[in-house]
Amino acid sequence: DAGVIQSPRHEVTEMGQEVTLRCKPISGHNSLFWYRQTMMRGLELLIYFNNNVPIDDSGMPEDRFSAKMPNASFSTLKIQPSEPRDSAVYFCASSPRTGVAPNEQFFGPGTRLTVL
Amino acid sequence: DAKTTQPPSMDCAEGRAANLPCNHSTISGNEYVYWYRQIHSQGPQYIIHGLKNNETNEMASLIITEDRKSSTLILPHATLRDTAVYYCIPWVYGQNFVFGPGTRLSVLP
């Protein structure tokens with residue numbers, strides 16, 4: 001069982017560039033979550049999908065951020081244009097079900113993004 | 001949403017039980033208590049959850065007070081690999097997980 005797979009693991013880019021983070025959830029899971037973690041704000045939920053449909057994107061900081069889930073095995077989080085304050089670790093998580101307990105989420109290893 | 005209070009940090013000797021408290025005095029009757037931990041540079045990891053009754057699994061035990069206003073996560077025999085940040089998270093259907101600052105547990109040799 002490979003777990004949640006994220007790529008790249010590290011990304012360094014310059015301000016203004018487009019950044020795309022990728023996530024492959026655990027096979028059979030129907031919910032996918034994108035989180036961002038910084039020292040200042042801790043771990044924050046950005047958006048989550050249920051059966052490939054975005055359910056709650058209230059945590060997406062602004063229009064520069066967008067997320068897609070074209071199928072059950074792939075999701076992307078895009079930042080365009082990137083800014084230094086976007087520097088953070090971005091985690092993807094998946095869950096076999098949503099809305100009912102146990103609501104166990106399985107997290108990926110994260111992508112550490114640095115925007116210069 | 002229930003608010004939680006956890007001590008910012010705790011130490012525990014290797015091999016001893018680690019008891020991590022969480023205060024959730026405003027928890028509602030249908031809110032579960034979830035515990036996750038995050039080892040340095042890794043994603044959070046689910047540990048255990050409960051509603052009213054005490055729970056035990058291969059990782060830990062969860063003791064919930066009768067009035068449900070607080071709970072304690074118990075790692076019965078802490079090892080160095082248990083050094084991590086531990087999050088106590090109330091959750092109910094329709095809510096998202098809200099991770100607070102948690103408790104930084106240091107297991108000392």
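Taken together, the values in this text are just the output of simple stated rules run on the coordinates, not laboratory data. For clarity, every value in this text was computed on a predicted model and none was experimentally measured. Cβ sites come from the backbone with ideal geometry, for glycine too, and all protein chains shown count toward neighbours.
Taking the criterion of being in a loop (DSSP other than H, G, I, E, B) and farther than 16 Å from A:Val115 by Cβ, would at least one residue in region A:67-81 satisfy it?
yes
For residues that are of a type in the set (Val, Ile, Thr) and under 12 Å from A:Leu21 (Cβ atoms), tally how many sit in region A:48-95.
Qualifying residue count, region A:48-95: 3.
Among the numbered criteria (1) without any contact (Cβ under 8 Å) to a residue 40 or more places away in the chain; (2) away from chain A (no Cβ under 13 Å), which one does B:Gly43 miss?
(2) is the only condition that B:Gly43 fails.
So for region A:70-82 (the condition being within 18 Å of A:Gly3 (Cα to Cα), surrounded by 21 or more Cβ atoms within 10 Å (Cβ to Cβ) and more than 9 Å from chain B (Cβ to nearest Cβ)), does at least one residue qualify?
Looking through region A:70-82, at least one residue is within 18 Å of A:Gly3 (Cα to Cα), surrounded by 21 or more Cβ atoms within 10 Å (Cβ to Cβ) and more than 9 Å from chain B (Cβ to nearest Cβ).
Inside region A:1-54, can you point out the residues that are assigned to a strand (DSSP E or B), more than 11 Å from chain B (Cβ to nearest Cβ) and of a type in the set (Asp, Glu)?
Within region A:1-54, just A:Glu11 meets the criteria.
Say whether the condition of being in contact with a strand residue (DSSP E or B) (Cβ under 6 Å, 6 or more places away or on another chain) and at positive phi is met by at least one residue in region A:22-39.
No, that holds for no residue.
Give me a count of the residues in region B:54-109 that are farther than 22 Å from A:Glu44 by Cα, within 13 Å of chain A (Cβ to nearest Cβ) and either in contact (Cβ under 8 Å) with a residue 40 or more places away in the chain or surrounded by fewer than 15 Cβ atoms within 10 Å (Cβ to Cβ) (or both).
Residues flagged as farther than 22 Å from A:Glu44 by Cα, within 13 Å of chain A (Cβ to nearest Cβ) and either in contact (Cβ under 8 Å) with a residue 40 or more places away in the chain or surrounded by fewer than 15 Cβ atoms within 10 Å (Cβ to Cβ) (or both) within region B:54-109 amount to 1.
Go through the residues of region B:6-15 one by one and say whether even a single one is part of a loop (DSSP other than H, G, I, E, B), surrounded by 14 or more Cβ atoms within 10 Å (Cβ to Cβ) and within 14 Å of chain A (Cβ to nearest Cβ).
Within region B:6-15 (the criterion being part of a loop (DSSP other than H, G, I, E, B), surrounded by 14 or more Cβ atoms within 10 Å (Cβ to Cβ) and within 14 Å of chain A (Cβ to nearest Cβ)), the answer is yes, since at least one residue qualifies.
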